[in-house]
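Taking it in order: structure first as structure tokens, then the write-up.
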Amino acid sequence: MPTPDELLGQSAALHHHLCPRQVLGVRMGLLAGRELGLDLPQTGKRLLTIIETDGCFADGVSVATGCWVGHRTLRIEDYGKVAATFVDTDCGQSVRIVPHPGARALSRSFAPEARNRWEAQLLGYQRMSFRDLFTVQRVALTTSIEAIVSQAGLRAVCDTCGEEIINGREILRDGKVFCRACLFGGYYAALAMPTASTVLLNRE
Ligand SMILES: [Zn+2]
Ligand SMILES: [Zn+2]
């Protein structure tokens, strides 16, 4: 198992620097392994992690847990929070971990040599106990693990836009198949008709 310092090194290498949020991510991942009794970083897919923001924190969580977007073991629910829920998909046991509200202020006393607040957090977060650094709550997912993970090979086609939908993310309404963008409105709005090349590709 890699040491915490090795994990921080891996995160910093991904990220070209080490920063306080990567430290939070690495240590949160280590705590999750302890809480759930799992050996991390995993090479398989037993642990599913749902993080509540992107950015530096995400890299720390990934190296410590072995959960990656590319492995479909890391998902983002973007609440803009440095928080994450760790799910043991074998038994459904789940913990949500957030930084302790007093952690930022407390970091100073763990890094008396720090020249500024940023450095105090960078060093302090590596030295503080899990208890000083985080709050842990047992949680239950509101969507089933089976629905989140879905099955390999599922495909559907949206009746409205004609685009393919994988992983069971389509929605059936009044006997028609919808993608989320067509049913609920997407994060984008089309500005022009499809270009000629797009039209040609779609006809192939
Ligand atoms: Zn950073
Ligand atoms: Zn659609």
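The values are calculated or read from the model by the stated rules, or taken from the named source; none is laboratory data. Just so you know, these numbers come straight off a predicted model, no measurement behind them. Note that we place each Cβ from the backbone using ideal geometry, even for glycine, and neighbour counts take in every protein chain shown.
Taking segment 15-30, which residues are more than 10 Å from ligand 1 (Cβ to nearest atom) and either basic (Lys, Arg) or modelled with pLDDT under 95 (or both)? Please lay out each step first, then the result.
Going residue by residue through segment 15-30, those that are more than 10 Å from ligand 1 (Cβ to nearest atom) are 24, 26-30.
Result: 27, single match.
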Quiz prompt | Hits in segment 154-195 - residues which are farther than 22 Å from residue 143 by Cα and of a type in the set (S, T, N, Q) | solution = 160, 195
Exercise. Among the numbered conditions (1) surrounded by fewer than 22 Cβ atoms within 10 Å (Cβ to Cβ); (2) touching a residue at least 40 places away in the same chain (Cβ under 8 Å); (3) out of contact with any strand residue (DSSP E or B) (no Cβ under 8 Å at 6 or more places or on another chain), tell me where residue 46 comes up short.
Key: (3)
Quiz prompt | Residues of segment 177-197 satisfying the condition of being surrounded by 10 or more Cβ atoms within 10 Å (Cβ to Cβ) and either charged (D, E, K, R) or modelled with pLDDT under 70 (or both) | solution = 180, 194
Quiz prompt | Among (1) surrounded by fewer than 18 Cβ atoms within 10 Å (Cβ to Cβ); (2) touching a helix residue (DSSP H, G or I) at 6+ places or on another chain (Cβ under 8 Å); (3) within 21 Å of residue 122 (Cβ to Cβ), the one test that residue 3 misses | solution = (2)
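Let's see how each residue does on (1) within 16 Å of ligand 2 (Cβ to nearest atom); (2) in contact (Cβ under 8 Å) with a residue 12 or more places away in the chain; (3) not assigned by TED's automatic domain parsing to the domain that holds residue 11:
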{"position": "99", "(1), (2), (3)": "no, yes, no"}
{"position": "104", "(1), (2), (3)": "no, yes, no"}
{"position": "111", "(1), (2), (3)": "no, yes, no"}
{"position": "114", "(1), (2), (3)": "no, no, no"}
{"position": "123", "(1), (2), (3)": "no, yes, no"}
{"position": "174", "(1), (2), (3)": "yes, no, yes"}
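If we only count strands (runs of 3 or more DSSP E) wholly inside segment 92-204, which ones have 1 or more residues that are over 23 Å from the mean Cα position of the chain (by Cα)?
Numbers: elements: 94-99, 134-139, 155-157, 164-166, 171-173, 176-178.
In segment 92-204, the matching strands (runs of 3 or more DSSP E) lie at 155-157, 164-166, 171-173, 176-178.
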Practice problem: Go through segment 74-91 and give me each residue that's under 8 Å from the mean Cα position of the chain (by Cα) and surrounded by 21 or more Cβ atoms within 10 Å (Cβ to Cβ). | Solution: 84
